[in-house]
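**Student:** Here you go, one structure.
Please treat every number below as a calculation from the coordinates, not as lab data. Keep in mind the model is a prediction, meaning the values are calculated, not measured. All Cβ positions, glycine included, derive from the backbone under ideal geometry; neighbour counts span all protein chains shown.
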Amino acid sequence: MIGGGTLRTQVAILTAYQQPLEIVEVDLAPPKHDEVLVRLLASGICHSDLSLIAGAWPIPLPMVLGHEGSGVIEAVGPGVDPARVGEQVILTFAPACGRCRYCLAGRVNLCVEVAAGFETGQLRDGTTRLSRNGDTVYHLAFVSSFAHHAVVPANAAIPLPAGLDPTLCCLLGCGVTTGVVAVTKLANVRPAEPVAVFGCGGVGLSAIQGARLVSAYPIIAVDPVPFKREMAIRLGATHAIDPSDGDPVVAIQTIVPGGVDFAFEAIGNPAVAAQAFAATATGGTTVLIGQPAVGVQASFPVYDLTQFEHRILGTHIGGATPALDVPKLATLLAAGKLDLATMVTHRFRLEQINEAIALVSSGEAGRVVIELQ
Ligand SMILES: [Zn+2]
Ligand SMILES: [Zn+2]
């Protein structure tokens, strides 16, 4: 089908910061030029959704949240190959514009147009397809997956190999790709290099899987929650440290004298970032993956950078090129080399999304997924 009429679809909408999401029906206009209509099958809940609800990063409201979506293309707008209808896809919030200096340099995770889309809540033509009683409703970063349907740029819908469980592969839209690719590509960890991962939420556990995939050793997980440490061991960590037992830096240096070559901070907490820095060996790299609120500051001993060539890397989506990296990870998922089933501990319906969000906030769950079919 090409185009089609305006659709009524159920979504979870944020109308004011620090308020529960509301389950409402909205109008979704048909896809315009170079856009597709996707019927969503599942959406992960990422910590960034919680930060958006909290108001940590300014966005226009009301907005349909959710940015880890998997689904099926149901219709295409003008300029898109109608043969794409029926494709199983993952939605990415970083669809390359292909023209800006970052896209041209292969750093599409930094695309200028993507950043603008996040700020305005609009699609590429400066309008939204979402509305409610005639009033504008905004898109989250071209995705808005807490919904049964979404209209997205055609290249934000990344085709997948057939047969993958949508409630697992949706995680490739953000957290898993971020964690794995931060290790395998951005940091470029090599076999037998020692790694520590601070924080074993979805991104941290994915970084541990990335470290396992490249045969890093040892792989040291740091998290105060017992079941997260157990999950880390199941997913490839060789050691797990409880930071409430004492200084985790000392514990890491007991396992790897001098510290690890790579320490990943996967929480977005400046005190933990300082621990990750302190656990990193001379010549090593501290990688900051966890995303704090705008304006959060951390401090590091500059002498260590100039004297010991200690590097600090920032990363957005792990430095991934989603259109390239997501299908690779989907292949690993299909081959049984990437374990997402262990990471997903709870599944909810869209109507239960506030319950699901409360569970994510509690830190008592692994990855939590909304089933949409
Ligand atoms: Zn995310
Ligand atoms: Zn661009």
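**Student:** Could you grab the pairs with beta carbons closer than 6 Å, sequence gap of 6+ or different chains, first residue in region 100-115 and under 21 Å from Pro60 (Cα atoms), second one within 16 Å of ligand 1 (Cβ to nearest atom)?
**Tutor:** Between residues of region 100-115 that are under 21 Å from Pro60 (Cα atoms) and residues that are within 16 Å of ligand 1 (Cβ to nearest atom), the close pairs are Val114/Ala94.
**Student:** Oh, and also: Could you name every one of the strands (runs of 3 or more DSSP E) located completely within region 113-201 that has at least 2 residues being under 22 Å from Gly318 (Cβ atoms)? Break it down stepwise before answering.
**Tutor:** Values: elements: 130-132, 149-153, 157-159, 195-198.
Answer list for region 113-201: 149-153, 157-159, 195-198.
**Student:** Looking at the structure I just gave you, is Ala187 buried (at least 23 other Cβ atoms within 10 Å of the Cβ) and more than 16 Å from ligand 1 (Cβ to nearest atom)? Reasoning before the result, please.
**Tutor:** Numbers: buried (at least 23 other Cβ atoms within 10 Å of the Cβ): yes; more than 16 Å from ligand 1 (Cβ to nearest atom): yes.
For Ala187, the condition - buried (at least 23 other Cβ atoms within 10 Å of the Cβ) and more than 16 Å from ligand 1 (Cβ to nearest atom) - is met.
**Student:** Please enumerate the residues belonging to region 194-227 that are in contact with a helix residue (DSSP H, G or I) (Cβ under 9 Å, 6 or more places away or on another chain) and among the polar types (S, T, N, Q).
**Tutor:** Of everything in region 194-227, those that are in contact with a helix residue (DSSP H, G or I) (Cβ under 9 Å, 6 or more places away or on another chain) and among the polar types (S, T, N, Q) turn out to be Ser206, Gln209.
**Student:** Another one. State whether the residues of region 207-225 include one that is surrounded by fewer than 24 Cβ atoms within 10 Å (Cβ to Cβ) and within 20 Å of Asn269 (Cβ to Cβ).
**Tutor:** Looking through region 207-225, at least one residue is surrounded by fewer than 24 Cβ atoms within 10 Å (Cβ to Cβ) and within 20 Å of Asn269 (Cβ to Cβ).
**Student:** Right, Arg367: touching a strand residue (DSSP E or B) at 6+ places or on another chain (Cβ under 6 Å), crowded, with 20+ Cβ neighbours inside 10 Å and not aromatic (Phe, Trp, Tyr) or not? Step through it out loud before you land on a result.
**Tutor:** Numbers: touching a strand residue (DSSP E or B) at 6+ places or on another chain (Cβ under 6 Å): yes; crowded, with 20+ Cβ neighbours inside 10 Å: yes; not aromatic (Phe, Trp, Tyr): yes.
Spelling it out, Arg367 is indeed touching a strand residue (DSSP E or B) at 6+ places or on another chain (Cβ under 6 Å), crowded, with 20+ Cβ neighbours inside 10 Å and not aromatic (Phe, Trp, Tyr).
**Student:** Filter region 107-119 for residues that are of a type in the set (Val, Ile, Thr), surrounded by 15 or more Cβ atoms within 10 Å (Cβ to Cβ) and more than 16 Å from ligand 1 (Cβ to nearest atom) and give the result. Don't jump to the end; show me each part of the working.
**Tutor:** Initially, region 107-119 is screened for residues of a type in the set (Val, Ile, Thr), giving 108, 112, 114.
Narrowing further to those that are surrounded by 15 or more Cβ atoms within 10 Å (Cβ to Cβ): 108, 114.
Passing the criteria: only Val108.
**Student:** Hey, any hits in region 4-13 for a residue that's among the charged types (D, E, K, R), without any contact (Cβ under 8 Å) to a residue 24 or more places away in the chain and assigned to a strand (DSSP E or B)?
**Tutor:** Step one: filter region 4-13 for residues among the charged types (D, E, K, R), giving 8.
Filter once more, keeping what is without any contact (Cβ under 8 Å) to a residue 24 or more places away in the chain: 8.
Add one more test, that the residue is assigned to a strand (DSSP E or B), and what stays is 8.
Within region 4-13, one or more residues are among the charged types (D, E, K, R), without any contact (Cβ under 8 Å) to a residue 24 or more places away in the chain and assigned to a strand (DSSP E or B).
**Student:** Of the conditions (1) touching an Asp or Glu at 6+ places or on another chain (Cβ under 9 Å); (2) away from ligand 1 (no atom under 14 Å from the Cβ); (3) among the polar types (S, T, N, Q), Gln18 fails just one. Which one is it?
**Tutor:** Failing condition for Gln18: (1).
**Student:** Any residue at all in region 121-139 that is under 30 Å from Gly199 (Cβ atoms), within 16 Å of ligand 2 (Cβ to nearest atom) and surrounded by 18 or more Cβ atoms within 10 Å (Cβ to Cβ)?
**Tutor:** No, region 121-139 contains no residue that is under 30 Å from Gly199 (Cβ atoms), within 16 Å of ligand 2 (Cβ to nearest atom) and surrounded by 18 or more Cβ atoms within 10 Å (Cβ to Cβ).
**Student:** Can you list the strands (runs of 3 or more DSSP E) found entirely within region 270-350 that contain at least 1 residues being crowded, with 17+ Cβ neighbours inside 10 Å and aromatic (Phe, Trp, Tyr)? Steps first, please.
**Tutor:** On the way: elements: 280-288, 311-314, 344-349.
Fully inside region 270-350 and qualifying: 344-349.
**Student:** So, one more: Output the residues belonging to region 190-206 that are hydroxyl-bearing (Ser, Thr, Tyr) and surrounded by fewer than 24 Cβ atoms within 10 Å (Cβ to Cβ). Even if it seems obvious, please write down each step before you answer.
**Tutor:** Of the residues in region 190-206, the ones hydroxyl-bearing (Ser, Thr, Tyr) are 206.
Hits for region 190-206: nothing passes.
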